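For reference, the structure is listed below as structure tokens.
Taken together, the values in this text are just the output of simple stated rules run on the coordinates, not laboratory data. The structure displayed is predicted, hence computed values, not measured ones. Note: ideal-geometry Cβ built from the backbone for every residue, glycine included; neighbour counts use all protein chains shown.
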Amino acid sequence: MRVFSISDIHIDFTENARWIKDISEKKFKQDALIFAGDAAHNLKMLQDVLLQLKAKFKEVFFVPGNHDLWIHNSDWGDSLEKFEALRVWCIQQEIQIAPRRLGLDDKYPVQIIPLFSWYSGPENGSDSLYVEKPGEDSENRMWSDNYYIRWPQQIKDFDAASYFASLNEKALIEKSQLPVISFSHFLPRREMMFGETLKPDPEKIKKYDRHPEFNFSRVAGSGLIEKQIRELNSVIHIYGHQHINRDRVLDGIRYVAHCLGYPNERERDMVKGIEQGLKLIWDTDSGMCP
């Protein structure tokens, strides 16, 4: 069995929906797909694409991204209610949202562990991935989650990052001795944002940053994810969210982002590597894939 990855498919865009539809219906029948979130805010569209992927792959692993939990109408009391409904539906449809072992009879079996997650803001202290950005809007008013994500009002000071991290405790306890591939939607470390350094590259900012007042690091991810990755002793961690594809090793763990992103991002050459299709991560006959 081979294991592939993808994230941020955003099927609200016709081109993206067509890209997913064009994935072979025969080529991956014995394989697994890790989908690290962000398909659509419309629940019916999200469910349809998950079923579409499940028809193409033997196993589909999934965690929701922030877009998947947006609320645009009164169908849901809050985003947590929507999350719970989605989680129940995934279990019913055998979309894998819990740890699962693959290839136990093969030479290189592996355990896939989904990690539910959210981002920690600057107010969350050391768990935040925040890096100060000159000229930023401290309220991040451009960030759509401020308008479309709604947390339970009856829970005072609800901490989404801590809540979702707590849902992974069972997976941490039940980890096996197999090599672990973990995945989350959000970023686990600051280095994921900036490549080889912790500092933004002024030339890249000038080329790609269309909104200098927006500071992505405020909503990028959480150090809570990294803590759980280390506890799992993951050999590979898959993530999404930023719409920048990377593949690098840090402190003994390989971190991979492989997203489809928005059509205009692909046109501007911001999302590299997706022209090669899905990212091959693991083969239970040969182990980790380059």
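What is the fewest-to-most order of C289, C90, C259 by other Cβ atoms lying within 10 Å of their Cβ? Before the final figure, lay out the partial values.
Numbers: C289 13, C90 21, C259 26.
Neighbour counts put them in this order, fewest first: C289, C90, C259.
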(message) Going by Cα centres, the stretch 105-119 and the stretch 130-188 are how many Å apart?
(response) 19 Å
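Before anything else, pin down the relative contact order of the stretch 98-172: Cα pairs under 8 Å, at least 6 apart, normalised by residue count, whole percent.
Once normalised by length, the contact order is 34 percent.
From Cα pairs below 8 angstrom and at least 6 apart in sequence, can you work out the relative contact order of the stretch 103-256, rounded to a whole percent? Before the final figure, lay out the partial values.
On the way: 228 pairs, mean separation 53.8, N = 154.
Computed over the stretch 103-256, the figure is 35 percent.
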(request) Return the single residue from P179, P152, P122 with maximal mean-square fluctuation; model: Gaussian network over the chain, springs between Cα atoms under 10 Å. (result) P152
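Mind running the shape call on the chain? Use the C-alpha gyration tensor, a ≥ b ≥ c as the square roots of the eigenvalues: rounded below 1.5 for a/c, prolate if a/b tops b/c, oblate otherwise.
In terms of gyration-tensor shape, rounded.
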(message) Using Cβ counts within 10 Å as a stand-in for footprinting exposure, how do H258, H185 rank, fewest first?
(response) H258, H185
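222 nm [θ] for the chain, helices only, -39500 (n - 2.57) per DSSP H run of 4+, per residue, to 500?
Numbers: 10 runs with 78 residues, N = 290.
So the helix-based figure for the chain works out to -7000 deg cm²/dmol.
Antiparallel versus total DSSP beta bridges in the chain: what percent is that, nearest 5?
On the way: 14 of 36 bridges.
Percent antiparallel among DSSP bridges in the chain is about 40.
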(message) What does the net charge come to around R150 if you take all other residues with beta carbon closer than 13 Å to its beta carbon, with K and R at +1 and D and E at -1?
(response) -3
(request) State whether the stretch 120-273 is rounded, prolate or oblate according to the following rule on the C-alpha gyration tensor (a ≥ b ≥ c being the square roots of its eigenvalues): a/c under 1.5 gives rounded; otherwise a/b larger than b/c gives prolate, and the remaining case gives oblate. (result) oblate
(request) Would you mind ranking R246, R141 by Cβ crowding within 10 Å, fewest neighbours first? (result) R141, R246
